[in-house]
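Each remark here refers to the structure printed beneath this line.
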Amino acid sequence: MRLFLAAASPYSAGMLLIVGTIRVPPETIAATRAAARRMIEATRAEDGCAHYAFAEDVLDPGLIQIYELWRDQAALDAHFASAHMAEWRAVLGEIGVLDRKLRIHEVGEGRPL
């Protein structure tokens, strides 16, 4: 799937967009929030990270929306190899992720909307 985004946006052809959700047990959301904060802060400082955000679904306890934008595959590969990613994966293992649905999209050239 190719996404077409406005030319004036921070997106450019070849960037990688990751969108999706993870679901954690609602009773673990406080621990998930604390770990997510550390993960988000460290990731936003990475070279090649254009955007990185998590959002709790207000109507569906335990559902977290994920939105990431990366300059290129090399930046994403470096992210996957980072210490904070290893910590995040360990925390999610302890918490017990119930579901994970993430998709990666290559960004196309923008066009006016």
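Could you tell me the distance between the Cα centroids of the stretch 83-104 and the stretch 37-51, to the nearest Å?
With the stretch 83-104 and the stretch 37-51 each reduced to a Cα centre, they are spaced 16 Å.
Could you work out the pair-distance distribution P(r) of the chain from its alpha-carbon pairs, with 10 angstrom bin width and percents rounded to whole numbers?
Once binned at 10 Å, the Cα pair distances of the chain give 14, 43, 31, 12, 1.
Considering only Gly93, Leu76, Ile104, whose Cα is most displaced toward the positive end of the charge dipole of the stretch 2-107, charges sitting on Cβ of Lys, Arg (+1) and Asp, Glu (-1)?
Ile104
Suppose every K and R has +1 on its Cβ and every D and E has -1 on its Cβ; what is the size of the dipole of the chain about the Cα centre, in Debye to the nearest 20? Present the calculation step by step, with values, prior to reporting the outcome.
Values: 12 positive and 15 negative charges, 31 e Å.
Charge dipole of the chain: 140 debye, to the nearest 20.
Please identify which residues in the stretch 30-60 have an amide N closer than 20 Å to a label point set 7 Å out from the Cα of Asp99, following the Cα→Cβ vector.
It comes to 30, 32-33, 54-60, nothing else.
How many nm separate the modelled label positions at Asp47 and Ala86, each set 7 Å beyond the Cα in the direction of the Cβ?
2.0
For Ala34 and Ala13, what does the FRET efficiency come to when R0 = 41 Å and r is the distance between their Cβ atoms, rounded to the nearest 0.05?
Working: r = 37 Å, r/R0 = 0.89.
Step by step, r from the Cβ atoms, then E = 0.65.
Using Cα springs under 10 Å in a Gaussian network model of the chain, which residue among Val58, Val91, Val19 shows the largest mean-square fluctuation?
The residue with the greatest mean-square fluctuation here is Val58.
According to a simple spin-label model (label point 7 Å from Cα along Cα-to-Cβ), what is the distance in nm between Ala74 and Glu106?
1.7
Among Leu16, Leu69, Leu59, which one moves the most in a GNM of the chain with springs linking Cα atoms closer than 10 Å?
Evaluated over the chain, the most mobile residue of the options is Leu59.
Throughout, read-outs are computed from the coordinates displayed, never taken from laboratory work. Quick caveat: nothing in here was measured; it's all calculated off a predicted structure. Please note: Cβ atoms are built from the backbone with ideal geometry, for glycine as well, and neighbour counts cover all protein chains shown.
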